[in-house]
Amino acid sequence: MTAKFNFRQSLALLFFLSLNITLFAQSADYTVSGKVIDNDLKVPLEYATVSIIDANNPSKVTGGVTDIDGNFAIEVAEGTYNIKVEFISYESKNFNNRKVNSDLNLGTIALGVSSASLDEVVVRAETTQVDVRLDKKVYNIGKDLTTAGGTVSDALNNVPSVSVDVEGGISLRGNENVRILINGKPSAMAGFGSTDVLSQLPADAIERVEVITSPSARYDAEGTAGILNIILRKDKTLGFNGSLTLTGGDPANAGASANINYRTEKFNLFNTTGYRYRKSPGNGFNDTEYFEDREIPLLEDIFYDRNIEDRDMDRENKGFNTNLGLEYYINDQSSITGSIFYRNGDDEDLTTNISQYFLDGAESLGTTRSELETEDDESYQFAVNYINKFNDEGHQLTADFQYDINKETQAAYISELVDYNNTGVDDISIPREETNTLEDRTEYLLQADYVLPLGENSQFEAGYRGNFENTVTDYELRQENDNGVLAINENQTNIFDYTENVQALYTQYGSKFGDFSFLLGLRLENTNLKGNIDSQLTEEELREEFGFQINTNFDNNYLGLFPTVNLIFELGEEENITLGYNRRINRPRGWFINPFPSRNSRTNIFQGNPNLQPAFSNAFDIGYLKRWKKLTFTSSVYFQRETDAFQRVQDNITISGPNDTEVDVIRTLPINLGTNDRLGAELGFLYNPASWLRLNGSFNFFQFNIEGEFEGTDYSQENNSWFGRFSSKVSLPLGVDWQTNAFYMGPSDEIQGQRDGMLSIDLALSKDIFNDNATISANVSDLLNSRRRQGTTTTDMFTQYSEFQWRQRQINVSLIYRFNQQKNQQRRENRNMEDNDMEGDF
């Protein structure tokens, strides 16, 4: 806030000084000149202010600003003057009672960063700050020690209102239908809507996270829960600077990443490159009891009524990513930025599943199933951004083009051996399986945004965005036949070609009247979803195979209006009330649509549903914020009604196996269930009671009421749940910082059972070394090894208790080394980021 206020003051002063230059030009006889530079970096300071005040008549003022090379030359009449040189957040310099009776050259004037500004940034940089805007809350991540050496997913799990489940799924206020953006746009860095990539990018790449629970019309209408906009770091400091991060941990975790930036007056070259090697052991457990006897999968005439699966996962991930960009400053008002992002992942996962089958309480058969899955994927992103600032009041035009490519190859080799056999059937042999998946994905983005200030406190915006995405999934299943040969299962082998095109026009208008501000917007979106399934089976045969009607060639169009209303009332300088309304859409994507099942287990599969329709929601949000000197308090109450809401249901079906056999499995299937009403409230605080202690926490309580049925079964349900987090940071002697984060997800009733509560605690220690140019830290993620999903599912055919832990307790040690990044540079970087934040806000 301080930087914004000073910036606007400076603009007013520049205008005043420019006017005086014109008035005094005719009587000017001599020139006062010089050059202003940064005292530490010895680089020019553009737009430094030079004020020349008549010593005998202080009301008589002239002056000017420095150019791109830090030079100034101001004409004045003969006389005696007090000369003052200023730059935002720097100590000013004064030259008093200078007599001008000839040209005066003040030479090179070096300014240093003010101690007051330096103290401010030390506090701001080390704490997570919250800033409330008309349509969002902005959380500056700060120095979160517990995520040092971690990933973007780890960092998001420490943001209020956000939770990340054990599989990396991201929820906002307990709702999974959240849209992930990178720098305001969908991106290959965010995994084309999947969150897998976020678990590979380093956490220190994040500058801030925008939690947008009431998105304005400028944002994509996707995501009924709202939007998480991840802003990545991009240094704007003049000169060459950067940082290097090295990480090691147990279980095996090794990584290196570098952020490098080179800035001149005409261009800004930036690069982030990282490599990661990681092993992530996990485990799962299922205990399923059936109400009727059933055949063991792939084994005829062998029955059971209970199955226990104990699963161990040994995952190995090797990944490389780099982002190279160049921003070229065409002139003082316009620039063009080009960037190339590349990511490569090489994964190898070994899953061992020990199964025990029981009949009437007695052990019948024991098997060990091994699945070796390899995955190689590459992503490319090419992006161009153009911005033209017509003036300093915010009148500007931006245009973006983005092209994303992703190629992914998966192969799985599945075998199962008999450990013990009490069935009385000899020579039991379970056929081998092999799957091969090739996925090609491309996406184009075209976007243009126009901002026009109207007077001092009003603003008009309009824009266009087009997203054009195509995914082709070529899936092949081979199963061992009686001759020991892997033969294609034609019933489940297929090619799925899916296209999603979304085009939108929007306009919005915002204004401020005294303490009241509003932002009204309307977005028109057309969604076109097209799919083609190339299978050996007809639609009737597919229905017989999977139990519901599947349209193998569909072309659906949805045209919708999405209004937004955001209001804010300032009760005082540090207190406000906000009110928001928005209409949103949740489009079915990716694996939620592909109807051919996964093969993670012989008895448990996931199957997509190509008949899914988009879900729509209307949401209301009322918020309150109050700041004291050491405490910031935030709260909100929200309500959302969603129609055609997505839900996952489990049922029992029979699918085809090798040698014309049939296999009974438990299927998880996403469906459009009905309406989902969500009502909730959240509280948060940031408290700094002393210079050595910082505390923050949040609590979110919500209830939902689901109404709907599927295949004659009523899944209506009412449920309450909650989650909370608490974090403390303590500065210990010898410059050591200690941080503790705790997160608890309360238990919840699901539409077919219940989920147990879950507790997770993270610890970290950190110390600056080498004259504060480097930081060494150690952290423990999931200290109690308790971050696991547990719950019970009950249907008409079975009851199942399950546990799942995606990743076990992790210990990391990290070293971050910074070069040419003194604290004054960090201050200017923050100032530049804040100035950019002014765009589009009131």
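Read-outs throughout are calculated quantities, based only on the coordinates presented, and are distinct from any laboratory measurement. Every value quoted in this text rests on a predicted model; they were computed, and no experiment measured them. Cβ coordinates were reconstructed from backbone atoms using ideal geometry, including for glycine residues, and neighbour counts include every protein chain displayed.
For A774 and D515 in the same chain, what is the full-extension length gain: residue separation times 0.36 nm, less their Cα-Cα distance, in nm?
88.8 nm
So which aspartates and glutamates pass the test for K729, namely a Cα distance under 20 Å, with those fewer than 8 places away in the same chain ruled out?
K729 reaches D119, E120, E126, D144, D154, D204, E207, D737, D762, D768, D772, D782.
Take every Cα pair under 8 Å in the range 243-294 that's 6+ residues apart, average their separations, divide by the length, and report that relative contact order as a whole percent.
After rounding, I find 30 percent.
Quick one: what are the phi-derived ³J(HN,Hα) couplings along the range 31-38, Karplus 6.51/-1.76/1.60 with θ = phi - 60°, whole Hz, x for glycine and proline?
10, 9, 9, x, 9, 10, 9, 6
Describe numerically, in nm with one decimal, the distance between label points set 7 Å from Cα along Cα→Cβ at Q410 and at D312.
Modelled inter-label distance: 2.4 nm.
Q549 to I495: extension gain in nm, 0.36 nm per residue of separation minus the Cα-Cα distance?
Gain on extension, Q549 to I495, equals 17.7 nm.
Just order 780-790, 553-563 by mean Cβ neighbour count inside 10 Å, highest at the front, would you?
Highest mean packing first, the order is 780-790, 553-563.
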